[in-house]
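Asks: Right, I'll just put the structure down here and ask away after.
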Amino acid sequence: MAIESNANLGDQLRQTRTEAQEVRGELSSIGAELRELLGLEAELAKAEADEAKAYATKGAVFGAIAGVLGLISAIFLFLTIMFGLNEVVDLWLAALITTLIALVLTAIAGLMARSQFKQFSPMPKRVMSSLKEDMQWARSQLRFNMR
């Protein structure tokens, strides 16, 4: 009887050791997959940042060109308004009215620009969302393998 219980105990120890090695292997595999996943996420973040940088650079160049041409056009437009008003009122009053119109339009454009800048975010939102999903996956894998 004692020999049989020792044999059963030995079998149970071997089985427990085998199960522990399997769990260790699975945890190691999860860790390797998680490292690979995080590496891919880092590459995605870099690609997303590079894409945003390219769009911002092109937008800045075209915006600068449009700004210069718009400024030149605005000068001529306001001169036309001023000279048109000069037919009705004195030149100084026409210049003052034209300046007030320009100031109101500048304020409106400034407020619109401010609202756009408030919406800007340098944070890579897709990567952050993907990282959250990855962490949830890793937690679920760890919970499943701990059972």
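Asks: Which is of a type in the set (Gly, Ala, Ser) and surrounded by 11 or more Cβ atoms within 10 Å (Cβ to Cβ), of ALA113, ALA56?
Replies: One residue alone meets the criteria, ALA56.
Asks: Report whether or not ARG143 is surrounded by fewer than 10 Cβ atoms within 10 Å (Cβ to Cβ), in a helix (DSSP H, G or I), on the phi < 0 side of the Ramachandran plot and within 22 Å of the chain's Cα centre (by Cα).
Replies: no
Asks: Cβ-Cβ below 8 Å, separation at least six or inter-chain, first residue in segment 43-58 and touching a residue at least 12 places away in the same chain (Cβ under 8 Å), second surrounded by 10 or more Cβ atoms within 10 Å (Cβ to Cβ) and assigned to a helix (DSSP H, G or I): which pairs?
Replies: Between residues of segment 43-58 that are touching a residue at least 12 places away in the same chain (Cβ under 8 Å) and residues that are surrounded by 10 or more Cβ atoms within 10 Å (Cβ to Cβ) and assigned to a helix (DSSP H, G or I), the close pairs are LEU44/ARG126; LEU44/VAL127; LEU44/SER130; ALA45/VAL127; GLU48/ARG126; GLU48/VAL127.
Asks: For the condition within 30 Å of ALA109 (Cβ to Cβ) and either surrounded by 12 or more Cβ atoms within 10 Å (Cβ to Cβ) or in contact (Cβ under 8 Å) with a residue 40 or more places away in the chain (or both), what is the one hit in LEU38, LEU79?
Replies: Residue meeting the stated conditions: LEU79.
Asks: Also, I was wondering about something else. Residue pairs, Cβ under 8 Å, 6 or more apart or interchain, first in segment 104-130 and of a type in the set (Gly, Ala, Ser), second part of a helix (DSSP H, G or I). List them.
Replies: Hits for this filter: SER130/GLU41; SER130/LEU44.
Asks: Also: I'd like the residue in segment 86-139 that is within 20 Å of GLU51 (Cα to Cα) and among the polar types (S, T, N, Q) and, out of all such residues, is modelled with the highest pLDDT.
Replies: GLN116
The values are calculated or read from the model by the stated rules, or taken from the named source; none is laboratory data. Predicted, not measured: the structure shown is a model, and the values here were computed from it. Using ideal geometry, Cβ is built from the backbone for each residue, glycine included, and neighbour counts are taken over all protein chains shown.
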